[in-house]
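Inspection log for the structure reproduced underneath, given as structure tokens.
Nothing in this text is a laboratory measurement; each read-out follows from the coordinates by a stated rule. In this text, all values refer to a predicted model and were calculated from it rather than measured experimentally. As a convention, Cβ positions derive from the backbone with ideal geometry for all residues, glycine included, and neighbour counts pool all protein chains shown.
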Amino acid sequence: MTDLKEKIKAGIANEGPVPVARYMAQCLGDPAFGYYQTREPFGREGDFITAPEVSQMFGELLGAACVAAFKHLGEPAAFSLVELGPGRGTLMADLLRAASLRPGFVAAANLHLVETSRRLRKIQKETLAGAPLSPAFHDTVEDMPDGPVILVANEFFDALPIHQFVRTPEGWHERAVGLDAGGELAFGAGTARIPDGDIPEDFRNAPPGTILETQPAANAIAEALGRRMGRAGGAAIIVDYGYLKSATGDTLQALYRHAYDDVLAHPGEADLTAHVNFEALAGAARRGGAASSAVLTQGDFLLRSGLLERAGSLGAGKTHEEQEAIRDAVERLAAPDQMGDLFKVLALASTPVPFPPFDSAS
Ligand code: SAH
């Protein structure tokens, strides 16, 4: 049993069931035992491989999109280049290498990384040691200096705590983690009843057992970004796995050593994520004052950004094995049955005209 499991069980025994949002926040962020504080989640040794770790092409093409955003914003003389949740720093290193091809971009940029894990900050600094910009670190978006911003985030919003509500015969309750008769962690309906008015009308009368998720933490950040962009100008490209329209269903999932795991089995040792509701995320950003693009699939985004051309030039003059690896990476990133369809890409900007590749019709 994990130390965090002990701690959570003891807390529940003393104070009663904890809402799913709190359980998720504790598993990921507990200062002593939290997943991002203690584990090496990424890569072959870790629990999952993210797109920038699959291939340098991912960060490079995001870099090209950032350059397009820079032009779209009228090439500001100074701006904050921001990444939320940079992981190992790989995406930003690749992004900067590609964006350096555009004179003026790096010269105008100040690099800001929003990262809560001290352990990952250290790795990000090492990865970026050879980069043309050195990073300033922040715990939250709100801590960053004001001014125009160009922001990227990959698999950041899926790591923020979601709330779950469950419909019982008596009405809606917050879904909670408690203890079963044997003293093991178990899901149940929390005691607090949720007023029907708090549940979107479409789902209010769903059958008992229905689960509904909300993402107030993700939406609050999107709204803050929207406000900031509305005030000072800017653009953002947000990549994550998620869905286009609000719907019911349980998307909370655990990944443990490259396999799906019981969400309650390894608190602090398994990665916990939830699918991002892009409709809600874009709506929150618009409420803040930004314009939002249509949501693209990752496959569409990368192909429109020139993935195949980039793969071709990267493979030129390489060995057969290296070319094979590049082809595999293209498949992995863009094929509909791999990351291509499940992952979505949303652009936000202070001015409504979308920048490439969000502008062309599909
Ligand atoms: N973008 C990276 C890593 C994704 S994992 C990649 O694509 O490989 C999620 C990242 O977000 C980690 O760096 C994690 O430490 C960070 N993170 C999670 N919750 C956070 C929060 N509330 N505030 C800031 N960073 C957070």
Rg/Rh for region 212-303: what does it come to with C-alpha atoms and Rh from Kirkwood? 1.04
Identify all lysines with a Cα-Cα distance to Lys245 below 23 Å; exclude those on the same chain that are fewer than 8 residues away in sequence. Lys344
Which value in nm describes the separation of the simple spin-label points at Lys318 and Ala220, placed 7 Å from the Cα toward the beta carbon? 4.3 nm
Based on the Cβ-Cβ distance of Ala259 and Ser100, what FRET efficiency does E = 1/(1 + (r/R0)^6) give at R0 = 41 Å, to the nearest 0.05? 0.60
Return the single residue from Gly288, Gly234, Gly130 with maximal mean-square fluctuation; model: Gaussian network over the chain, springs between Cα atoms under 10 Å. Gly130
What aspartates and glutamates could a cross-link reach from Lys9, if we take a straight Cα to Cα line under 20 Å and drop same-chain neighbours fewer than 8 places away? Asp30, Glu174, Asp180, Glu184, Asp261, Asp262, Glu269, Asp271
Is any residue of region 98-136 close enough, with backbone N under 18 Å, to a label point placed 7 angstrom from the Cα of Ala77 along the Cα-Cβ axis, and if so, which? 104-110
Estimate the FRET efficiency between Leu308 and Asp198 by the formula 1/(1 + (r/R0)^6), using the beta-carbon distance for r and 56 Å for R0, to the nearest 0.05. 0.75
Let me test this: with uniform point scatterers at the alpha carbons of the chain, what is the Debye-based log₁₀ I(q)/I(0) at q = 0.11 1/Å? -0.77
Tell me, Kirkwood radius of region 161-220 from alpha-carbon pair distances, in Å? 12.3 Å
If you rank Thr251, Thr351 by fewest surrounding Cβ atoms within 10 Å, what's the result? Thr351, Thr251
Reach of Lys122 by Cα under 18 Å, taken over lysines that are not fewer than 8 positions away in the same chain: none
Once Arg332 and Ala107 are pulled to full extension, the length gained, defined as 0.36 nm per residue separation minus their Cα-Cα distance, is 77.6 nm
In region 21-70, with Lys and Arg counted as +1 and Asp and Glu as -1 at Cβ, which of these residues, Tyr36, Ala51, Ala65, has the Cα nearest the positive end of the dipole, that is, farthest along it? Tyr36
With label points built 7 Å along Cα→Cβ from the Cα atoms of Ala247 and Glu40, find their separation and express it in nm. 3.7 nm
